[in-house]
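A.B. asks: Pasting a structure here, questions to come.
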Amino acid sequence: MLHPAFVEIHLGHLRHNLEQVRRRLRSAELIAVVKEDAYGHGLVPVARTLQEAGVRHFAVVRLAEAVALREAGITGSILLLGAAFSEELAICVAHDIDVTVSSPVLAEAVCATAQRHGPLRVHVKVDTGMGRLGLWPEEAPAIIHRLEQTPGITLVGLCTHLATADRPGDPFMQEQLERFERLWRQVGDAFAVRHVANSSALFTLPVSYWTGPRQQARIGAALYGYLSCPELIEANDLRPVMRFMARIVQVRTVPPGTTVSYGRTWTAPGRRRIAVVGAGYGDGIPRRLSNRGQVGLRGRRFPIVGTICMDMTLIDLGDPETAPDVQEGEPVVFFGEGGPSITEVARWAETVPYELSCATARRVPRHYQETQR
Ligand SMILES: *Cc1c(COP(=O)(O)O)cnc(C)c1O
């Protein structure tokens, strides 16, 4: 079957990015974040590739994904970053999944589960300024003490999450780091490791930060080759793992004044060659790209014209006399090698690159390949 829309996942680039991340981390350990189906790249294929390359720690947000990783033969530690429901904790025991304690209620539930169902490995999250999940630094020591005293609980990591790591030099990030360090000095002895950094922090924190002992980092985006700050992608030679392609399903010539697609938002300024491409917002192409995005075709860029539909997008190939002689079945590049970068498309769509990779629909098959063609 000739799929109208498909994504290529370049595992060679994933390995390359892993090496770039490791080089930066020095002695610190990597926790590979593979939540949301590995940011749309495919949970199990990505995790297996990373495991074969020596990665020993993984993290997801949903319990179903943690269990899927275990069932797929991932043997390293699997950390549930999200706020687990108390009823789920026994499943974590059964599948040897590490849990994050991010509230006093969850701390109590973890203690009860460890006593009733068996041993649990626990990370404690503190809110130093993200304003999302985590114990307050003031309440954390007593709760950590309680966890430490409970039989069956192993305290693994103390962690926090940064709100502004993608803005190099941001003073609020410094403030968060200081709050965390203060708590670590107080309670750090109870833990094997600590982890604070995400991808942006990995490249914005000074190299000296990574030489501290007992460090881990939770890295997602950089492994897939995207960061919200494009300069950091270039400077650290990260390569895009995903390429989004769709095939031309029909080519037609329209007379001047023809309007195309819903709402008639584009009018042909002259005779035009229009390619109908077989991917739309139902495949994960943001509708926001209507009349503002571009695609790559034969080494050139062509504009998206008219409103993007659920299953189709229209491309203006130009004056029929000079338009490329394309055929049905030929692929165009929505993002990736041979077309706009995912960062460029994210800018047009007013979002971040990982929203685009996550948005690639499940009906779009993933083609795994070792190298970029
Ligand atoms: C998603 C997530 C990460 C990874 O962030 P990236 O910017 O993709 O590296 C780290 N920590 C937590 C808590 C997360 O939810």
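Read-outs: derived from the displayed coordinates by stated rules, not from any lab. The structure displayed is predicted, hence computed values, not measured ones. Backbone-built Cβ (ideal geometry, glycine too); neighbour counts: all protein chains shown.
A.B. asks: Ignoring everything except DSSP H segments at least 4 long, calculate the 222 nm mean residue ellipticity for the chain; use -39,500 (n - 2.57) per segment, divide by total residues, nearest 500.
C.D. replies: -9000 deg cm²/dmol
A.B. asks: Which log10 I(q)/I(0) values does region 242-369 give at q = 0.09, 0.13 Å⁻¹ under the Debye formula, counting every alpha carbon as one identical point scatterer?
C.D. replies: Relative scattering, expressed as log10 I(q)/I(0), comes to -0.23, -0.48.
A.B. asks: Another question, then. Can you give the relative contact order of region 46-168 as a percent, counting alpha carbon pairs under 8 Å and 6+ residues apart?
C.D. replies: About 19 percent, as a whole number.
A.B. asks: Suppose every Lys and Arg Cβ carries +1 and every Asp and Glu Cβ carries -1, with no other charges. What dipole size does the chain come out with about its Cα centre, to the nearest 20 debye?
C.D. replies: 540
A.B. asks: If you don't mind, another one. For the pair R298/Y368, report the inter-label distance in nm, with labels modelled 7 Å from Cα in the Cβ direction.
C.D. replies: With each label placed 7 Å out from Cα toward Cβ, I get 3.5 nm.
A.B. asks: Now for a different question. Given a cut-off of under 8 Å on Cα pairs at least six residues apart, what relative contact order in percent is computed for the chain?
C.D. replies: Computed value for the chain: 20 percent relative contact order.
A.B. asks: Let me ask something else. Modelled label-to-label distance, D96 and A190, 7 Å Cα→beta-carbon offset: nm?
C.D. replies: 2.6
A.B. asks: Further question: Quick check on the chain: take the gyration tensor over C-alpha atoms, sort the square-rooted eigenvalues as a ≥ b ≥ c, and tell me if it's rounded (a/c under 1.5), prolate or oblate.
C.D. replies: Prolate is the answer for the chain, as a/c is 1.5 or above and a/b outweighs b/c.
A.B. asks: Using the Karplus equation 6.51 cos²θ - 1.76 cosθ + 1.60 (θ = phi - 60°), what ³J(HN,Hα) coupling, rounded to whole Hz, does each residue of region 99-108 give in order, writing x for Gly and Pro?
C.D. replies: Values, residue by residue: 10, 9, 8, 10, 7, x, 5, 5, 4, 5 Hz.
A.B. asks: Among S199, S102, which comes first, then next, by fewest other beta-carbon atoms within 10 Å?
C.D. replies: With the fewest neighbours first, S199, S102 line up as S102, S199.
A.B. asks: At 7 Å along the Cα-to-beta-carbon direction for both S86 and R132, put a label point, then send me their distance in nm to one decimal.
C.D. replies: 2.5
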